[in-house]
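First up is the structure itself, then whatever we jot down about it.
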Amino acid sequence: MDQAPGGPQGPKDPGPQDTHSLPGCYRHPDRGTGVRCTRCDRPICPECMVSASVGFQCPECVRGGSGTGHAPSASRPRTLAGGPVTADPRLLTKVLLGINLLIFLVQLSLGARFTDRFDLIGLAYVPQLGSVEGVADGQWYRLLTSMFLHSGYVHILFNMLSLWWIGGPLEAALGRARYLALYLVSGLAGSALTYLIADANQPSLGASGAIFGLFGATAVLMRRLRYDMRPIIALLVINLIFTFNPAFNISWEAHVGGLVAGVGIGYAMVHAPRERRTLIQYGVCGLVLAAVVVATLVRTAQLT
C-alpha cells in the first residue's frame, strides 16, 4: 500500500470451469489447465506455454526442434505475450524484491532525511532538508524513486508478499522485458495520479502503484485463459476496501492509477495480434507514459 508517512488460446480451451476439475500441468501438477502442447499433447500451464504458429507447445518440444524441419535454434521459445522463455522465469521479480528490501534497509540506516529526499511530494517546505522540495520544483525523479520506498515493516511486508505472489507467474507469462515495462509504467501512472490529485504537501511512497498494475494485468490474463476469476476479483475488492478506508491513511490515487494502467497494458500484452504484437504492446506503454508526462506538466503548471 502507498502511504503518507506517519495469449491466443490453445487448441483445447478449458472453458469457464473450475480449474480443480482439469488435468494438472506435466511440470506443475498442482496447476489445473485445459491447454495441451500441440505436439506431444501434454497439459501445460501458463508458465510452460510457448506460443507456436498454432496453439502452444511445451518447452521440451520447442527445445527439441521447431517442427518445421529447421534447427531448434530457428524457433526460439516464446511466452504467451511473445517474450523469450528464460531458465528462471521469476528472476526479475527476485531482483525487484531485492531492490525494494535493500532500499528499505538504507532508509532504516539513514533515517527520515533520506526518505524525505526521494519520496513523492508535490511542493512543500521539508523541515528535515531545510528547503522547499517537490516534483513541481523540478524533482521529477521523485515519481520513480518513491516507488521503491516504504514507511515501515508492515508496509513493505504486504507489498513484497504481493509482488512475489502475483509477480512471479505474471513474469513467466509475459517475459522479462514486458513484465518490467508493466511494473515501471504502472508505478509511474500511480505516482502521476497522486501528484495530480493529492495535496501538494502530502508525501507519498510505496510500491503498490506498480503492484496494483500487476493485479490488473493478472486479471486480464486470467480472463484471457478463461480461468476462474473469483479469487483475483475477491483479492482486488479486499485491497480496494483497505485503500479507501481513511483509518489506514493510504494514498488511493496511486492504487487506482496503477490498477487502470495495469489493466490497459495487460490487455495489450495478451490480446495484441501476433503480426503487430510488439508494436501494440510497447505502443500502449508509450501512451500511458505520455499521459504521465501530461499529468505531471499540468500539475506543475498549477503549483508554480
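Side notes on the structure shown:
- Scope region 151-173; condition over 19 Å from V106 (Cβ atoms) and within 13 Å of the chain's Cα centre (by Cα); matching residues: S162, W164, W165, I166, G167, G168, P169, L170, E171, A172, A173
- Failed criterion for G64 (all others in (1) within 30 Å of I280 (Cα to Cα); (2) modelled with pLDDT under 85 hold): (1)
- Within region 174-185, the set of residues being more than 29 Å from G111 (Cβ to Cβ) and buried (at least 19 other Cβ atoms within 10 Å of the Cβ) comprises L174, G175, R176, R178, Y179, A181, L182, V185.
- Checklist (1) modelled with pLDDT of 90 or more; (2) surrounded by fewer than 21 Cβ atoms within 10 Å (Cβ to Cβ) applied to T38, failing item: (1)
- Pairing each residue of region 79-102 that is farther than 22 Å from R274 by Cα and loosely packed, with under 15 Cβ neighbours inside 10 Å with any residue that is at pLDDT below 95 and of a type in the set (K, R), provided the two are 6+ apart or on different chains, yields C-beta distances under 9 Å for L91/R176.
- Any hit, region 118-137, residues being loosely packed, with under 14 Cβ neighbours inside 10 Å, in the same structural domain as A217 (by TED's automatic domain parsing) and within 30 Å of D30 (Cβ to Cβ): no
- Residues satisfying the stated conditions in region 67-90, i.e. within 21 Å of E47 (Cα to Cα) and either modelled with pLDDT of 95 or more or among the hydroxyl-bearing types (S, T, Y) (or both): S73, S75, T79, T86
The values are calculated or read from the model by the stated rules, or taken from the named source; none is laboratory data. Keep in mind it's a predicted model, so treat the numbers as computed, not measured. FYI the Cβ positions are ideal-geometry reconstructions off the backbone, even for glycines, and counts take in every protein chain you see.
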